[in-house]
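I have placed the structure first, in the form of structure tokens, so that the comments after it can refer back to it.
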Amino acid sequence: MNLLVVADPLEAFNPKKDSTLAMMREAQRRGDAVWACEPRHLHWAGGAGAAQAGPVRALCRHIQVLDAAKPWFSEIEQVERALHDFDAVLMRKDPPFDSEFFYATHLLEQAEREGACVFNAPRALRDHPEKLAILEWPQFIPATLVSRDMAQLRAFAAEHGDIIVKPLDGMGGAGIFRLRAGAGGSPDVNLGVVLETLTDWGRRSIMAQRFIPEIAQGDKRVLIIGGEPVPFALARIPQHGETRGNLAAGGLGVAQPLTASDRAMAEALGPTLAARGLLLVGIDIIGERLTEINVTSPTCFVEITQQTGFDVAARFLDALQAQS
């Protein structure tokens, strides 16, 4: 199989824990050719009178994955190729989901029309913003408000007393605040300034959720591949007085078997998301509540595999080959 991975610059990968690298390493182990490009390398030319009539192409790097941590790859060649020439194209660009990410999904969707097999499906990436996708399953989520109206947000804080507020386009725990009512139900002294900052004085929508005390036991990442849950989750446990469990915010990752509740939730969402073209999904669960659905570049492959022996990358490549 010829595999093209659309991702951030290879030089920026963290070889110790990068899930995209784990996918590449497993693909190479199976004898597949591994190629990479960045979203900025995607392009299309055509139209009446144009010298070229498509398809979507990219400047691609054919690489060999090495055993060493640094450098972790060597470049065999660099050549421009059409995306439909590859057996599979993986979109693994990290958030934020900004305008350039959005445009890249449209180019990848055009590549699909030209015969490329792209995972996750570009339209599905656009249709499932990672914070807002949970609204489709309200039975699983904590009390939640999405708004930019200051009065509504203040009323939510007053109703629930202890809340989390976060931007809709953040990642890695960036911009997340916990706000707690004081004695007698008085609002958190930082409530006003936090809401003003996150909403840009009412110009940007944010999410507010009731605080879930079970965060102390970890923010669990459950991976769903081809509609089926991986049997282990990675609980990202807050450290040093933090309320955020994100690994990027210093959380400790501890792999553990899925609870009955974790599995039931993953099995309820998995088939629907897979049918929409989402081969790989990472859902985040605190206690028994769903807090996020990650579709752009779900991680935690390496940590789960190292701690449990369950080869997540092999499971993923099996599913990828079955659909390519």
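The values are calculated or read from the model by the stated rules, or taken from the named source; none is laboratory data. Model, not experiment: these values are computed from the prediction. Quick reminder, even Gly has a Cβ in these numbers, built from the backbone with ideal geometry, and neighbours come from all protein chains shown.
Among the residues that make up the stretch 79-87, is at least one of them in contact (Cβ under 8 Å) with a residue 60 or more places away in the chain and under 24 Å from L223 (Cα atoms)?
yes
Please find, within the stretch 211-224, the residue that is nearest to the chain's Cα centre (by Cα) out of those that are charged (D, E, K, R) and surrounded by 18 or more Cβ atoms within 10 Å (Cβ to Cβ).
Narrowing the stretch 211-224 to residues charged (D, E, K, R): 214, 219-221.
Restricting the remaining residues to those that are surrounded by 18 or more Cβ atoms within 10 Å (Cβ to Cβ) gives 219-221.
Values: D219: 15, K220: 14, R221: 11 Å.
Out of the qualifying residues, it is R221.
Regarding the stretch 287-304, can at least one residue be identified that is more than 23 Å from G170 (Cα to Cα), of a type outside the set (A, V, I, L, M) and surrounded by fewer than 23 Cβ atoms within 10 Å (Cβ to Cβ)?
Scanning the stretch 287-304 turns up no residue that is more than 23 Å from G170 (Cα to Cα), of a type outside the set (A, V, I, L, M) and surrounded by fewer than 23 Cβ atoms within 10 Å (Cβ to Cβ).
Filter the stretch 38-51 down to residues that are of a type outside the set (D, E), surrounded by 11 or more Cβ atoms within 10 Å (Cβ to Cβ) and more than 16 Å from C117 (Cβ to Cβ), then give me how many there are. Full working, then the answer.
Here is the first cut: in the stretch 38-51, the ones of a type outside the set (D, E) are 39-51.
Add one more test, that the residue is surrounded by 11 or more Cβ atoms within 10 Å (Cβ to Cβ), and what stays is 39-46.
Filter once more, keeping what is more than 16 Å from C117 (Cβ to Cβ): 39-41, 43-46.
Counting residues in the stretch 38-51 that are of a type outside the set (D, E), surrounded by 11 or more Cβ atoms within 10 Å (Cβ to Cβ) and more than 16 Å from C117 (Cβ to Cβ) gives 7.
Just checking, how many residues over the stretch 175-196 are without any contact (Cβ under 8 Å) to a residue 60 or more places away in the chain and either in contact with a strand residue (DSSP E or B) (Cβ under 9 Å, 6 or more places away or on another chain) or not assigned by TED's automatic domain parsing to the domain that holds A155 (or both)? Spell out the reasoning first.
We begin by selecting, within the stretch 175-196, every residue without any contact (Cβ under 8 Å) to a residue 60 or more places away in the chain; these are 175, 177, 179-196.
Next, from what is left, pick out any that are either in contact with a strand residue (DSSP E or B) (Cβ under 9 Å, 6 or more places away or on another chain) or not assigned by TED's automatic domain parsing to the domain that holds A155 (or both): 175, 177, 179-181, 187-188, 190-191, 194-195.
Here the count works out to 11.
Of the residues T291, T272, which single one is hydroxyl-bearing (S, T, Y) and in contact (Cβ under 8 Å) with a residue 12 or more places away in the chain? Steps first, please.
On the way: T272 fails: in contact (Cβ under 8 Å) with a residue 12 or more places away in the chain.
Exactly one residue qualifies, and that residue is T291.
What residue, of R203, R148, R154, R210, is of a type in the set (D, E, K, R) and touching a Gly at 6+ places or on another chain (Cβ under 6 Å)? Let's see the steps before the verdict.
Working: R203 fails: touching a Gly at 6+ places or on another chain (Cβ under 6 Å); R154 fails: touching a Gly at 6+ places or on another chain (Cβ under 6 Å); R210 fails: touching a Gly at 6+ places or on another chain (Cβ under 6 Å).
Going through R203, R148, R154, R210 in turn, the sole match is R148.
Please go through (1) closer than 22 Å to I285 by Cα; (2) β-branched (V, I, T); (3) not in a strand (DSSP E or B) for T105 and return the number of the only condition it doesn't satisfy.
The number of the failed condition is (1).
Being assigned to a helix (DSSP H, G or I), in contact with a Ser or Thr (Cβ under 9 Å, 6 or more places away or on another chain) and farther than 24 Å from G173 by Cα narrows it down to one of R40, R123, R25, so name that one. Steps first, please.
Working: R40 fails: in contact with a Ser or Thr (Cβ under 9 Å, 6 or more places away or on another chain); R25 fails: in contact with a Ser or Thr (Cβ under 9 Å, 6 or more places away or on another chain).
None of the others qualify; the one that does is R123.
Hey, could you check the stretch 194-210 for residues that are on the phi > 0 side of the Ramachandran plot and loosely packed, with under 14 Cβ neighbours inside 10 Å and say which is farthest from the chain's Cα centre (by Cα)?
Applying the first criterion (on the phi > 0 side of the Ramachandran plot) to the stretch 194-210 yields 200-202.
Narrowing the set further to residues that are loosely packed, with under 14 Cβ neighbours inside 10 Å leaves 200-201.
Values: D200: 25, W201: 28 Å.
The selected residue is W201.
Going by the structure shown, is E114 over 25 Å from V281 (Cβ atoms), without any contact (Cβ under 8 Å) to a residue 60 or more places away in the chain, charged (D, E, K, R) and in contact with a strand residue (DSSP E or B) (Cβ under 9 Å, 6 or more places away or on another chain)? Give the steps one after another, and end with the answer.
Values: over 25 Å from V281 (Cβ atoms): yes; without any contact (Cβ under 8 Å) to a residue 60 or more places away in the chain: no; charged (D, E, K, R): yes; in contact with a strand residue (DSSP E or B) (Cβ under 9 Å, 6 or more places away or on another chain): yes.
Considered against the rule, which asks whether it is over 25 Å from V281 (Cβ atoms), without any contact (Cβ under 8 Å) to a residue 60 or more places away in the chain, charged (D, E, K, R) and in contact with a strand residue (DSSP E or B) (Cβ under 9 Å, 6 or more places away or on another chain), E114 comes out as no.
For residues that are touching a Lys or Arg at 6+ places or on another chain (Cβ under 8 Å) and assigned to a helix (DSSP H, G or I), scanning just the stretch 126-154, find the one that is nearest to P167 (Cα to Cα).
Looking at the filtered set, the residue picked out is D127.
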